[in-house]
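Okay, here's the structure, questions in a sec.
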Amino acid sequence: MSVDAIFQSILERKRSDIAPLVQAEIDAGTEISVILNDGLIGAMDVVGRQFGDGLLFVPELLVAAETMKTGLEVLRPKLVGSEITNRGTVVIGTVQGDLHDIGKNLVSMMVEGAGFAVVDLGVDVAPERFLEAAREHRPQVVGLSALLTTSMPAMRRCIELFEDAEIDVKIIVGGAPVNQEYADEIGADGYGSDAPGAVRLIKRLVTET
Amino acid sequence: MFTQTPPIEPIAPAYHVRILTDEQLEQFRAGTFQLLERTGIQCPSERALDIYAEHGADVDFENRIVRLPADVILDALAQAPRHYTMGGRSEAFDLDLSKPVTYEATDGTGTKTIDYASREMRASIKDDVAKSARVADYLSSISFYWPMVSAQDRPIAPSLHELDASFNNTLKHVQTPTVVEETTARYAIEMARVVAETEESLRSRPPLSLLICTIAPLAQDAGAMEAALVAAEAGVPVGFMSMPNTGSTAPATIAGTLAVGDAEIVSALVLINMAFPGAPVYHSFMPGMTHPRTGAYLAHDGYVYAIGVELAHMWGVPTLAGTFGSDAHTLGWEAGMGGGLTSFLCALCGAETGSGMGLLQGSTLLHPDALVLDAELYRRAQSDAAGLDTSPDHLALDVIHAVGPRGHYLRERHTRDFLRKTDFSDVVHITDEKGGYRDPFLVARQKTDWILENHHPEPLSESQQAELTRILEAAENELT
Ligand code: B12
């Protein structure tokens, strides 16, 4: 079965091999949901476990996630309008006044690797831009990252703006100076202390919705 | 009543090492020229872009990319002073960067504190800055002070509150890593002017310096560069620290990390000396390393920071070396791994200044006793670097002759004299009543408590204190 080949190309991180494999499978009439779940997402689940077990290094995880994304791009036209979706959409960014993005990028990458569509707004993102992106992409979860105690208040402003706009989305926060207590205080829906924690949190919130 | 601040004791190396060969240094120089001319640096500040363009840089205003030909770089750097003085509140605490010594500072600016009294971890507050400044003021190993944590209980202008707590609690030079916008920089300089007392002394021995980070790879922050320009105009030293992270914001090799970091720093040094020729600047290379399995930020081995010292000197400016700084989570063996050795190497490479004492968890956690313990590692580096006194008195041939074969030295006057002169630690090898040694962690805690109870550095004059408060209030009004 060549869904296996798709699966393998992700495990082996063959970024340039995967598109034709996915295309061939579509042409062969394999069900889209099988390609997606057994091929792409299934492989990333294994990659995620390998990473969790310490077998993979971060840049290897990144390329595996990109391989999966390349495959997903080929599949995307078939997904539009169908019942099958990816696991959900997450908008993420580093808040206003803050340029730290190493941690946010890691979170983005792992969330994407776990099968979510990720819209990464970059750094120094104003609350209004988060809101705009939420309206445009209709994510289940918005992730805010802050590494500076002086940019943490921008998280609160963002949450307030979303509340005022009555947008139905879960907002989660993270970054070294942030903790659960602060997340609770500003009314965030969750806090993650690292990238795997962010993935677990997002999965939980998405199933809840 | 106040107590005297003990004199500072910088590391004075009696011998030196070179890590890179001349050929290797030349490779880095050529690398920086190539990166700055070919790849360029991203600079989002309009003001800075204009300055670059006026001084011969090739500026792509649309994409905010600056490319710098080698001669433009060299012309600007030729203006930068090789040495200058960073002032303390009194001259005894001045840091004369032309002296062959290494002055070291505390680490900063963390976000969490293990409370000095309750020993519980919590978010850092202004009073932690005041307390840690007093401990640093007491310790001779600490020559200048970085606000160690953030004044999170002062949400408006926290960086200025950090300066207020610093200036009020130490006579030593203060260097801030958190003044990174133009407006706060203006107020910070007003505060420094109050401490310096005269405009002349603000320029000749400024009691404040700024530390600005470049953004790896190959970028600058607009607000921070504008803050740097404000400082440079006032004659307040400003340094640029690049923190490329090997494997994420820099190539996964040390040489590649150095290449990225050096190019960033040079681009910023050049800007300042284009705008204000002769402005005191410094070069600071403090890279991190990506944890391969989690992406977490780790410190490098010591020689990497020491090479940063050599690069700074290649460009003809002083350095701030990364001499301490631990990613250990608690006090203990791991926390002691890097500091002393890195300090030692950087001093042997001729670092003028270094920082990083007293924080854990990758410069985010203030542990009350960590400064006193790091001071012990510093002492070790200092003594290892000091070389040897071989004057006749020290060589002691006459005493050796007098004692002769199989005698012993305990009853000799020479022994009594010299044992008294030996600088023993007051933290390790402290005997207990059972004839063993006391736990150095407990001794350090006691010493910290003792300092906090007994050491109260000379306060600023009442009018200076009032002025600082007035400036803080004005800043808070403007920034609210
Ligand atoms: C690297 C670094 C930089 C780099 C950033 C490069 C980049 N591209 O990101 C540079 C050099 C540019 C930089 C600049 C500055 N920095 Co800085 N920086 C750091 C440092 C050393 C490491 C941060 C890091 O990358 N960690 C590694 C990543 C993997 O961890 P992480 O970010 O915490 O992310 C993990 C989790 O938190 C979580 N997470 C992160 N985001 C999210 C989001 C969500 C939704 C979830 C669920 C989870 C989550 O998952 C991540 C993966 O495990 C920290 C100190 C530290 N040890 O944290 C200081 C630090 C944050 N910086 C600090 C300062 C002061 C600055 C500057 C002001 C310095 C200056 N004078 O210019 C500037 C500010 C620039 C700006 N406007 O933002 C201070 C902040 C103090 C404070 N009061 O808050 C710190 C604490 C250092 C210090 N002790 O002084 N910095």
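The values are calculated or read from the model by the stated rules, or taken from the named source; none is laboratory data. Computed from a predicted model, the values in this text were never measured in an experiment. Cβ coordinates were reconstructed from backbone atoms using ideal geometry, including for glycine residues, and neighbour counts include every protein chain displayed.
Of B:ALA234, B:ALA252, which residue is more than 9 Å from the ligand (Cβ to nearest atom), within 11 Å of chain A (Cβ to nearest Cβ) and more than 18 Å from the chain's Cα centre (by Cα)? Give the steps one after another, and end with the answer.
Details: B:ALA234 fails: within 11 Å of chain A (Cβ to nearest Cβ).
The conditions single out B:ALA252.
To continue, here is another question. Just one of (1) within 11 Å of chain B (Cβ to nearest Cβ); (2) surrounded by 19 or more Cβ atoms within 10 Å (Cβ to Cβ) trips up A:PRO153, so point out which.
If we test A:PRO153 against (1) within 11 Å of chain B (Cβ to nearest Cβ); (2) surrounded by 19 or more Cβ atoms within 10 Å (Cβ to Cβ), just (2) comes out false.
Still on this structure, please answer the following. Can you pull out every residue in the range B:198-213 that is in contact (Cβ under 8 Å) with a residue 60 or more places away in the chain and either within 16 Å of the ligand (Cβ to nearest atom) or within 18 Å of B:THR170 (Cβ to Cβ) (or both)?
Initially, the range B:198-213 is screened for residues in contact (Cβ under 8 Å) with a residue 60 or more places away in the chain, giving B:201, B:204-207, B:209, B:211.
Within the range B:198-213, B:SER201, B:ARG205, B:PRO206, B:PRO207, B:SER209, B:LEU211 meet the criteria.
Hey, another quick one. Would it be correct to say that A:PHE116 is crowded, with 20+ Cβ neighbours inside 10 Å and either modelled with pLDDT of 95 or more or aliphatic (A, V, I, L, M) (or both)?
No, not satisfied.
Across the range A:184-195, what is the total count of residues that are farther than 26 Å from B:THR113 by Cβ and either more than 10 Å from the ligand (Cβ to nearest atom) or touching a Gly at 6+ places or on another chain (Cβ under 6 Å) (or both)?
1
Matching residues to (1) farther than 23 Å from B:THR5 by Cα; (2) more than 14 Å from chain A (Cβ to nearest Cβ):
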| site | (1), (2) |
| --- | --- |
| B:HIS83 | yes, yes |
| B:GLY87 | no, yes |
| B:LEU97 | no, yes |
| B:ALA105 | no, yes |
| B:GLY108 | no, no |
| B:LYS112 | yes, no |
| B:ARG119 | yes, yes |
| B:ASP127 | no, yes |
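Can you tell me how many residues within the range B:214-229 are under 25 Å from B:LEU160 (Cβ atoms) and either within 11 Å of the ligand (Cβ to nearest atom) or not assigned by TED's automatic domain parsing to the domain that holds B:GLY354 (or both)? Full working, then the answer.
Kept after step one, since they are under 25 Å from B:LEU160 (Cβ atoms), are these residues of the range B:214-229: B:214-215, B:220-229.
Narrowing further to those that are either within 11 Å of the ligand (Cβ to nearest atom) or not assigned by TED's automatic domain parsing to the domain that holds B:GLY354 (or both): B:214-215, B:220-225, B:227-228.
Of the residues in that region, 10 qualify.
Can I ask one more? Select, from A:GLU112, A:GLU181, the only residue that is of a type outside the set (A, V, I, L, M), over 27 Å from B:LYS112 (Cβ atoms) and either touching a Phe, Trp or Tyr at 6+ places or on another chain (Cβ under 8 Å) or more than 11 Å from the ligand (Cβ to nearest atom) (or both).
Values: A:GLU181 fails: over 27 Å from B:LYS112 (Cβ atoms).
Checking each option against the conditions leaves just A:GLU112.
Quick check on this structure: which one of A:LEU61, A:LEU11, A:LEU36 is surrounded by fewer than 19 Cβ atoms within 10 Å (Cβ to Cβ) and not assigned by TED's automatic domain parsing to the domain that holds A:GLY197?
That would be A:LEU11, the only listed residue that is surrounded by fewer than 19 Cβ atoms within 10 Å (Cβ to Cβ) and not assigned by TED's automatic domain parsing to the domain that holds A:GLY197.
I've got another one for you. Take B:ALA80 and decide whether it is of a type outside the set (Ser, Thr, Tyr) and crowded, with 18+ Cβ neighbours inside 10 Å.
Yes: the conditions hold for B:ALA80.
Further question on the same structure: Name the residues in the range B:343-364 that are at negative phi, buried (at least 23 other Cβ atoms within 10 Å of the Cβ) and within 16 Å of the ligand (Cβ to nearest atom), would you? Give the derivation first.
Taking the range B:343-364 and keeping what is at negative phi, we get B:343-349, B:351-355, B:357, B:359-360, B:364.
Filter once more, so that each one left must be buried (at least 23 other Cβ atoms within 10 Å of the Cβ): B:343-347, B:349, B:351-355, B:357, B:359-360.
Correct list: B:THR353, B:GLY354, B:SER355, B:MET357, B:LEU359, B:LEU360.
Considering B:ALA252, B:ALA263, B:ALA232, which residue is assigned by TED's automatic domain parsing to the domain that holds B:VAL174 and surrounded by 24 or more Cβ atoms within 10 Å (Cβ to Cβ)? So that I can check it myself, show each step before the final result.
On the way: B:ALA252 fails: surrounded by 24 or more Cβ atoms within 10 Å (Cβ to Cβ); B:ALA232 fails: surrounded by 24 or more Cβ atoms within 10 Å (Cβ to Cβ).
B:ALA263 is the lone residue from the list that is assigned by TED's automatic domain parsing to the domain that holds B:VAL174 and surrounded by 24 or more Cβ atoms within 10 Å (Cβ to Cβ).
So how many residues does the range A:1-18 have that are within 19 Å of A:PHE57 (Cβ to Cβ) and either in contact with a strand residue (DSSP E or B) (Cβ under 9 Å, 6 or more places away or on another chain) or hydrophobic (A, V, I, L, M, F, W, C) (or both)?
2
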